[in-house]
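Working notes, structure below.
The values are calculated or read from the model by the stated rules, or taken from the named source; none is laboratory data. Quick caveat, the model's predicted, so the values are computed rather than measured. Here Cβ is always computed from backbone atoms with ideal geometry, including for glycine, and neighbour counts include all displayed protein chains. The area values use the complete protein model at the heavy-atom level, side chains included, leaving out ligands, DNA and RNA. Shrake-Rupley method; radii C 1.70, N 1.55, O 1.52, S 1.80 Å.
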Amino acid sequence: MKSHVSRSPRIVGKISVLIPVYNEEDNVVSLSDEIMSILSGYADFEIVFINDGSKDNSLQLIQDLSNKNGKVYFISFSRNFGHQNALRAGFDHCTGDIVITLDGDHQHPPGLIPEMIDKWIEGYDVVFTTRKEGGEVSLVKRYTSSFFYWLIGKIADVDLKKGAADFRLFDEKVVHAVRGLKERDVFYRGLVAWLGFRQCEVAYTPERRRGGVSKYTYRKMLRLAVDGISSFSFLPLRLAAVTGFLIAMVSFTYVFYAIMIKLFSDQAVSGWVSLMAGVYFLGGVQLIFLGLFGEYVGRIFMEVKGRPNYLVSAAKLPGEDK
Ligand code: UDP
Ligand code: MG
């Protein structure tokens, strides 16, 4: 990845910035100002806010911004569809030659954008960012996140960078490829590694969330982790077969042992307890793997139904403002 891309420098055309927003009323205005001042040095840009069913005043503020400034657009969902779907909606509607995604809470410093664009000019098609250790990320988040990246690195069929964040730059052709993907439960962090193209990494120190609280509850983080693992790995399913086989071997040995005792000694097996233990154990293991199968079957079910990933209730889309 380090190898220098030797091509003539690219000319920066239009830049799209996509910002998923869920209850970020304390941040949208300041963030928009900050991005605007950074991008004003470039030829052309658009900022697209994706309001993911915010219950606070975010939408009103975004609409005001958009009315005041012709470069600010928005897509507003009918309810909360989740961060990854907000990103998808942004990809579906942006019109830039360069597309940048970042969080709506100032944790992804917009100051890094020029450096990311410079990488694109050098010829990279995907510039992804990784969180440096430290910074203003809570301890629990840091540990759960590094555990997750360790786990997915071990079991999934995809190479995920530790601390990968949803703060990235994509060339237009990559966005085009992403739009063409049909899968429903998108896990962009894994997908980016899967996509290929010329990729380059920029490290950053996350800032403190400026206003509001984290919208990633533990439930949502778990959901994201399960999505990530199940969309890139069959290992959990294979685990069922392996565990089943091992348990069967153990029980065969036990039965053999019991028969031997019966035949060659007078200590008859009075093993009610061990019997029950075996039954409960097997029952538990079966239920666990039934649940795992359920995860995958549920996913197939959702894919087959082909429901849209999000519903739009209001929008001012790039390219439609006349
Ligand atoms: N977000 C969203 N929908 C959700 C949860 C989060 O659009 O259901 C947005 C949120 O507004 C923010 C970004 O996704 O812009 C990342 O969320 P957050 O900062 O709460 O996550 P954390 O930084 O704590 O991982
Ligand atoms: Mg955040």
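Against the compact-protein benchmark of 2.2 N^0.38 Å, the Cα-based radius of gyration of region 48-127 scales to 1.19.
If I take R0 = 30 Å and measure r between the Cβ atoms of SER30 and LEU222 in this structure, what FRET efficiency does the formula 1/(1 + (r/R0)^6) give, to the nearest 0.05? Intermediate values should be presented prior to the final figure.
Working: r = 31 Å, r/R0 = 1.03.
Taking R0 as 30 Å, the efficiency between SER30 and LEU222 is 0.45.
The DSSP beta bridges internal to the chain are antiparallel in roughly 35% of cases. Straight-line cross-link reach from LYS316 at under 24 Å between alpha-carbon atoms covers these lysines, not counting any fewer than eight positions away in the same chain: LYS14, LYS55, LYS68, LYS71, LYS173.
With each run of n ≥ 4 DSSP H residues scored as -39500 (n - 2.57), what mean residue ellipticity at 222 nm is computed for the chain after dividing by its residue count and rounding to the nearest 500 deg cm²/dmol? Show your work: numbers first, answer last.
Working: 10 runs with 156 residues, N = 322.
After summing the helix terms and dividing by the residues of the chain, the value is -16000 deg cm²/dmol.
Across all Cα atoms of region 1-110, the radius of gyration (one decimal) and Dmax (whole number) stand at 14.7, 48 Å.
Simple point charges give the picture: +1 on the Cβ of Lys and Arg, -1 on the Cβ of Asp and Glu, and for the chain a dipole about the Cα centre of about 680 debye. Give the aspartates and glutamates reachable from LYS119 as a straight Cα distance under 13 Å; neighbours fewer than 8 places away on the same chain don't count. List returned: ASP171, GLU201.
Here region 190-305 is assigned +1 on the Cβ of each Lys and Arg and -1 on the Cβ of each Asp and Glu. Its dipole about the Cα centre then comes out at about 680 debye. Computed over the chain, the P(r) tail beyond 27 angstrom holds 52 percent of alpha carbon pairs.
Candidates PRO114, ILE19, SER40 compared by Cα position along the dipole of region 17-157: farthest toward the positive end lies ILE19, with charges placed on Cβ.
Accessible area, 1.4 Å probe, largest first: how do LEU59, LEU282 sort? Could the numbers behind the result be given before it?
On the way: LEU59 50, LEU282 75 Å².
Descending accessible area places them as LEU282, LEU59.
In a DSSP loop and with at most 11 other Cβ atoms within 10 Å, the trypsin sites (Lys or Arg not before Pro) in region 73-152 are ARG79. Helix by helix through the chain, keep the DSSP H runs that span 20 Å or more along the axis on Cα and average at least 1.6 on Kyte-Doolittle, and give those back in order. Going by DSSP H runs, the hits are 235-264. Projecting the Cα atoms of THR144, LEU31, GLN286 onto the charge dipole of the chain, computed from C-beta unit charges around the Cα centre, puts GLN286 farthest toward the positive end.
For HIS106, HIS176, HIS93, give the ranking by accessible area with the largest first, probe 1.4 Å. The partial results should precede the final answer.
Values: HIS106 0, HIS176 120, HIS93 55 Å².
Ranking HIS106, HIS176, HIS93 by accessible area, largest first, yields HIS176, HIS93, HIS106.
Just how large is the dipole of region 1-141 about the Cα centre, in debye to the nearest 20, putting +1 at every Lys and Arg Cβ and -1 at every Asp and Glu Cβ?
With Lys and Arg at +1 and Asp and Glu at -1, about 440 debye.
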